[in-house]
Every structure is written in C-alpha cells, then in structure tokens.
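To keep things clear, I will list the structure first and then write my remarks on it.
Derivation of every value follows stated rules applied to the coordinates shown; laboratory data play no part. Every value quoted in this text rests on a predicted model; they were computed, and no experiment measured them. All Cβ positions, even for glycine, are placed from backbone atoms using ideal geometry, and neighbour counts span all protein chains on display.
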Amino acid sequence: MSEPLIIAGTRPELIKMAPIASSLRRLRVSFKFLYTGQHYDHELSRTFISELGLPEPDFDLGIKAGRSATLTGEVVIRTAEAIRELDPALALVQGDTNTALAATIAALKEKVSIGHVESGLRSYDWRMPEEHNRRMIDHVSGYLFAPTDRALLNLFEEKAPGSKHVTGNTVIDATIHNMPRAEFISKIPQKLRFKEYVLATAHRAENVDDPDVLRSFVEVFQDLPLPVVFPAHPRTVNRLRGIGLLQNLASHRNIQLLPPVGYFDFLILMKRSSLILTDSGGVQEEATSPPIRKRVVVMRNSTERPEAVEWGFAKLAGTRKQEIVKCAVEMLEADAKLPSTSPFGDGSSGEVIGRIVAEIVESTRKSSLTLLPPQFPIISASED
Ligand code: UDP
C-alpha cells in the first residue's frame with residue numbers, strides 16, 4: 001500500500017500541515033514529506049520545520065522563491081518527478097500558494113488523487129493571486145477539507161466535484177499545541193522595546209506592491225495611539241526600500257521593525273499584543289484561537305475568512321489610512337468580551353483530517369484510477 005505525500009513550501013503551509021503529520025504519526029500511518037523550498041529564507045524555514053516537529057523532508061526541492069510562473073513551473077516538474085518515484089496514495093496540499101497549485105497540477109498529471117487542506121475559502125477578489133490558486137485547486141481535488149460550513153457552502157455553490165468534509169482549520173490545533181512551548185522557549189519578550197504594542201504584518205502583493213497602499217500603512221503605524229511591533233516580510237522590506245521609506249520606518253521611535261520571526265516568537269508576539277493589524281490570512285485565524293484571542297484590523301478590501309468578522313474578532317478596514325486608524329482606535333477602546341471559542345475549529349482538525357486520510361490510504365488499491373473518489377470525474381489519460 002502506498003503512502004500519502006504531504007507537500008508544503010511556505011511558512012503557513014508548514015504550520016498548518018504539522019498537525020496532520022502528528023495525527024498520521026499517532027494513527028501509525030506512515031507518510032512522505034516533500035518541501036519545495038518556496039519560502040524566501042531557507043534557514044528560517046528549517047527553523048519552522050524543526051520547531052513544528054515535522055520530520056526531515058524526504059524531498060527538499062530547494063526551489064528559490066522567484067517570479068510566480070517560473071516558480072510554479074519548476075515546482076510542477078520537480079514534484080511530478082518525486083510523485084513518479086513515490087507513487088503516493090494521495091497528495092496533500094494546503095491553502096492557496098504557488099506551491100499548492102503546482103503540486104496539484106503535478107499530482108493531477110501523474111494521476112494521483114489530491115486532498116486539499118483549507119478548501120473552499122473565497123475572497124471573490126480576482127486581484128489576489130491566492131484566489132486564482134485556491135479556485136483551481138478546489139476544482140481538481142478529489143478530497144476537499146473545508147475548515148467551516150461557509151467554506152463547504154462555497155464548494156457546493158461552485159459544484160466543486162471532490163468529496164467534501166468540514167474539518168476545522170489545523171491552524172487552531174497548531175496554536176493550542178505550540179503556545180505552552182512558545183511561552184517556555186521564546187526569548188522575544190526580552191527584545192521588545194515596548195510593553196504595550198500593536199502587532200503589525202503586511203506582505204500581500206496587492207498591498208505592498210502598490211506604493212500608495214504601502215505609504216498609507218507606514219503612516220498608520222506612525223499615527224496609532226500605541227507603538228507598533230512590525231516583523232516585516234522581505235518582500236515588504238524591499239518595497240519599502242524602493243519607495244524610500246525603510247529608513248524612516250526603522251528609525252521611528254514608536255515603531256520596532258523586526259526581521260520575520262520564528263513561529264514560537266510570533267505566537268508570543270500575538271499573545272502579548274493589544275491589537276493586531278494585518279493583511280495575512282493565517283493571522284486572522286490565529287487571532288481567534290483561545291490561547292491568543294485578539295482583535296484584528298484587516299488591512300485589505302476583502303477577506304476569505306469572513307467568519308472572524310462575523311464572530312467579532314476582525315474588522316475589514318480597507319487599505320486607506322483614515323479607515324485603518326479609525327478601526328484600530330475603535331478596537332483598542334472596545335470592551336465587549338470576545339468569544340471564548342474560535343469559528344475555525346476546536347483544535348481537533350489535524351485528528352479529523354488524519355483519520356480521513358488513514359481511511360483513504362486503507363481503501364486504496366494499486367490501480368491509479370481507483371484512487372479517485374467515486375463522484376470524481378475520471379480524466380482521460382491519453383497524453384501518455
Ligand atoms: N508568522 C511567523 N513569523 C512572522 C510572521 C508570521 O511565524 O514573522 C506565521 C504566523 O503565525 C502565521 C503564518 O506565519 O501562521 C502566516 O503566514 P503569512 O502571513 O506569510 O501567510 P498567509 O497566512 O497570509 O498565507
């Protein structure tokens with residue numbers, strides 16, 4: 001019987017796949033792990049892999065982050081080679097990255113069934129490359145692991161053909177599992193210049209590649225009533241340098257600019273913050289997790305995670321300075337209690353997905369066509 005293959009390339013994928021890897025280990029289902037290396041910093045991602053208790057990758061493709069189409073093409077070719085070598089029962093991809101899309105194409109062309117973790121999210125914002133990726137992945141995956149009922153509904157509305165399961169989001173498992181270790185291990189509190197602060201992250205292409213939006217973020221950070229701690233993504237640092245604002249930000253007395261930090265440090269930064277400002281997807285989810293429970297100003301025009309807004313954790317502020325500052329001040333002053341549970345699950349998603357994967361593996365016979373769930377259309381394999 002062949003094994004499932006876990007595929008990841010960026011920090012959110014590593015964070016969100018780790019609970020599934022642990023669950024498979026508990027269920028004694030052996031698996032293989034392929035790491036594409038899409039992450040901008042190979043050393044830092046190695047830290048993530050060991051912090052999260054993921055095994056050493058069976059395949060480390062070492063593909064450098066670069067232009068989207070080139071990276072996607074390279075990941076397709078190299079992942080297809082690994083898939084041919086392994087003949088996995090199932091290829092598990094996560095989220096909406098170029099790695100996830102490329103691995104999906106590779107698996108599809110090698111006639112291996114795909115399990116999409118975090119399926120069914122929709123921003124309906126076609127400027128976002130992530131929206132292109134998640135839609136394509138959802139429509140060719142055999143197994144769709146939707147984190148919420150809303151995500152499931154999106155899949156039904158679009159008639160995505162794969163077998164659908166509501167599983168919660170493994171990011172909640174990750175925060176619950178890792179926070180106690182983070183509290184013990186992280187040294188980040190000693191490096192912080194401020195006791196009370198707003199935590200900020202920004203890296204979405206449609207934001208940081210637009211000089212007007214990036215400039216408005218910098219002005220927001222300078223105008224908030226509390227100081228800002230800002231672990232900046234390399235893409236953002238480059239864009240700030242490009243518009244001549246990096247120095248200005250780095251030397252501001254109310255802003256602490258940091259390089260991207262490890263996961264444990266980031267958990268602690270979230271937990272100790274008074275408010276979070278972000279355009280990240282994962283951070284919107286993590287903020288709702290019981291060990292963190294923080295309000296979030298989403299610096300975007302759309303979100304594929306509306307549950308955080310509906311539950312009162314998040315506000316969609318757009319990308320203009322005045323609106324973001326207004327939202328931030330309102331949220332800093334808000335005294336209503338936040339829900340004690342998360343809309344994204346209770347920390348058992350890894351277990352739920354692990355069990356389904358175990359069943360798929362169990363029922364897998366050697367013939368490649370039987371790897372597809374019954375309701376999934378069989379694709380002609382004539383090109384071979
Ligand atoms: N994160 C981290 N260090 C940082 C910033 C973020 O470990 O300096 C983690 C964070 O906990 C979250 C994930 O990275 O789980 C989010 O990644 P990102 O914002 O890059 O991607 P997205 O979730 O928007 O796809």
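Sort 307-317, 324-334 for me by packing, meaning the mean count of neighbouring Cβ atoms within 10 Å per residue, highest on top.
Working: 307-317: 20.0, 324-334: 17.8.
Per-residue Cβ counts within 10 Å, averaged per peptide and sorted highest first, yield 307-317, 324-334.
Based on the alpha-carbon gyration tensor of segment 75-116, what equivalent-ellipsoid semi-axes (square roots of 5 times the eigenvalues) come out, in whole Å, largest first? Write out the running numbers ahead of the final one.
On the way: eigenvalues 43, 26, 10 Å².
So the three semi-axes of segment 75-116 are 15, 11, 7 Å.
Highest mean first, how do 66-77, 222-233, 114-125 rank when packing is the count of other Cβ atoms within 10 Å averaged over residues? Could you put the intermediate results ahead of the total?
Values: 66-77: 15.7, 222-233: 19.4, 114-125: 23.7.
Ranking the peptides 66-77, 222-233, 114-125 by packing returns 114-125, 222-233, 66-77.
By DSSP, what percent of the beta bridges with both residues in the chain are antiparallel, rounded to the nearest 5? All intermediate terms of the calculation are to be shown ahead of the outcome.
Details: 1 of 37 bridges.
Given both bridge residues lie in the chain, the antiparallel proportion sits at roughly 5 percent.
Hey, with R₀ at 41 Å, roughly what FRET efficiency would GLU85 and GLU158 work out to, going by the Cβ-Cβ distance, to 0.05? Present the calculation step by step, with values, prior to reporting the outcome.
Details: r = 34 Å, r/R0 = 0.82.
With R0 = 41 Å, the Cβ-Cβ based efficiency is 0.75.
With each label point set 7 Å from Cα along the Cα-Cβ vector, what nm distance links LYS195 and ARG181?
With each label placed 7 Å out from Cα toward Cβ, I get 3.2 nm.
Averaged over every viewing direction, what's the projected area of the C-alpha convex hull for segment 209-269? Give it in nm², one decimal, please. Show your work: numbers first, answer last.
Details: hull surface 17.0 nm².
One quarter of the hull surface, i.e. the mean projection, equals 4.3 nm².
Using 0.36 nm times the number of residues separating GLN222 and MET136, minus their current alpha carbon distance, what extension gain do you get? Can you show the working numbers first?
Working: separation 86, 0.36 × 86 = 30.96 nm, distance 3.93 nm.
Answer, rounded to one decimal: 27.0 nm.
Would you kindly calculate the translational diffusion coefficient of segment 68-208, applying Stokes-Einstein with the Kirkwood radius from alpha carbon pairs, for 37 °C and a viscosity of 0.692 mPa s, and quote it in µm² s⁻¹ without decimals?
Values: Rh = 17.1 Å.
D = 192 µm²/s.
When averaged across all projection directions, what area in nm² does the alpha-carbon convex hull of the chain cover?
Numbers: hull surface 71.1 nm².
Across all orientations, the chain yields a mean hull projection of 17.8 nm².
Provide LYS294, LYS195 in ascending order of the number of other Cβ atoms located within 10 Å of each residue's Cβ, fewest first. Could the numbers behind the result be given before it?
Working: LYS294 21, LYS195 9.
Result, fewest neighbours first: LYS195, LYS294.
Nearest 0.05, what FRET efficiency do SER251 and ARG28 give at R0 = 45 Å with Cβ-Cβ as r? Mind showing how you got there, number by number?
Details: r = 54 Å, r/R0 = 1.21.
Once rounded, the FRET efficiency stands at 0.25.
Return the distance in nm (one decimal) between the two label points of a simple spin-label model at ARG320 and TYR124, each offset 7 Å from Cα along Cα→Cβ.
Placing both labels 7 Å along Cα→Cβ, they lie 2.1 nm apart.
Pairs LYS32/LYS187; LYS271/LYS315; LYS271/LYS337: which exceed 24 Å Cα-Cα?
Details: LYS32/LYS187 33 Å; LYS271/LYS315 19 Å; LYS271/LYS337 16 Å.
The answer is LYS32/LYS187.
Between 0 and 90 degrees, rounded to the nearest ten: what's the tilt of helix 170-185 against the longest Cα principal axis of the chain?
Helix 170-185 sits roughly 50 degrees off the main axis of the chain.
What's the ranking of 2-12, 237-247, 134-144, 94-104 by average number of surrounding C-beta atoms within 10 Å, highest first?
Peptide ranking by packing, descending: 94-104, 2-12, 134-144, 237-247.
Residue by residue, what Karplus-based ³J(HN,Hα) values in Hz, rounded to whole numbers, does segment 128-133 have, using 6.51, -1.76 and 1.60 with θ = phi - 60° and x for Gly and Pro?
3J(HN,Hα) across segment 128-133, in whole Hz: 8, x, 5, 5, 4, 4.
By how many nm would the segment from LYS111 to LEU44 grow when fully extended, if each residue of separation counts as 0.36 nm and the alpha-carbon distance is taken off?
Details: separation 67, 0.36 × 67 = 24.12 nm, distance 3.33 nm.
Full extension from LYS111 to LEU44 adds 20.8 nm.
Would you kindly derive the ³J(HN,Hα) couplings of segment 59-70 from the backbone phi angles with the Karplus curve 6.51 cos²θ - 1.76 cosθ + 1.60 (θ = phi - 60°), listing them in order in whole Hz, with x for Gly and Pro?
3J(HN,Hα) across segment 59-70, in whole Hz: 10, 10, 6, x, 7, 6, 4, x, 4, 3, 5, 5.
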